[in-house]
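One structure is given here, and the rest of the page talks about it.
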């Protein structure tokens, strides 16, 4: 079973596993978002972040490799009365357009290190000058302190990993620590995360 097929099965078994509300860190950046700006939601799954960005007036591309997840995202967008562009693609193989987005949302997208670097390079290329990248990911944590996320430590983030993946971006914020997640049944409780707000130089 491919990873895309595995995620299809997960979304079928537990629709709304991460809820329908946007990620809290992304939501906290609302004041920075300009209506009409172009946004890319990477690994957007069932669309909670992409749909919220569209509700803020952004022109949103929602990318994920799960056909089932994207079907749920389309239904959520229709229910909320917003339009998005949905793309079914592997984030490591997508042809990232140059300078096409003022915002890239990278929320709980966990990849092996080599794939992470590939997607990071694509995301940086896709950012327009002055554009922002908002990232949140799980970091290594003691037992019982990760409210979801991968078990393979190679897939986890760290402050150092962020710095290594995005050396050309300006760091506006880079935080590592404990947060309380309330994002659907799969993201509940205290968790160790890294949160980053990065900008492509103008």
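Quick note: the coordinates plus some simple rules give every number you see, no bench work behind them. The structure presented is a predicted model; accordingly, all values stated were derived computationally and were not measured. Please note: Cβ atoms are built from the backbone with ideal geometry, for glycine as well, and neighbour counts cover all protein chains shown.
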Given the DSSP H assignment, sum -39500 (n - 2.57) over each helix run of at least 4 residues in the chain and divide by its residue total; what's the result at 222 nm in deg cm²/dmol, nearest 500? -8500 deg cm²/dmol
Output the peptides 192-198, 166-172 sorted from most to least packed, where packing is the average of other Cβ atoms within 10 Å over each peptide's residues. 192-198, 166-172
Using alpha-carbon positions, the gyration tensor of segment 31-138 gives root eigenvalues a ≥ b ≥ c; with a/c under 1.5 called rounded, otherwise prolate if a/b exceeds b/c, else oblate, the class is oblate
For peptides 30-38, 125-133, sequence by mean Cβ density within 10 Å, most packed first: 125-133, 30-38
What is the distance in Å between the Cα centres of segment 1-67 and segment 76-130? 10 Å
Relative contact order of the chain, defined on C-alpha pairs under 8 angstrom at six or more residues apart (%): 20 percent
Just the ratio, please: alpha-carbon radius of gyration of the chain over 2.2 N^0.38 Å, N its number of residues. 0.94
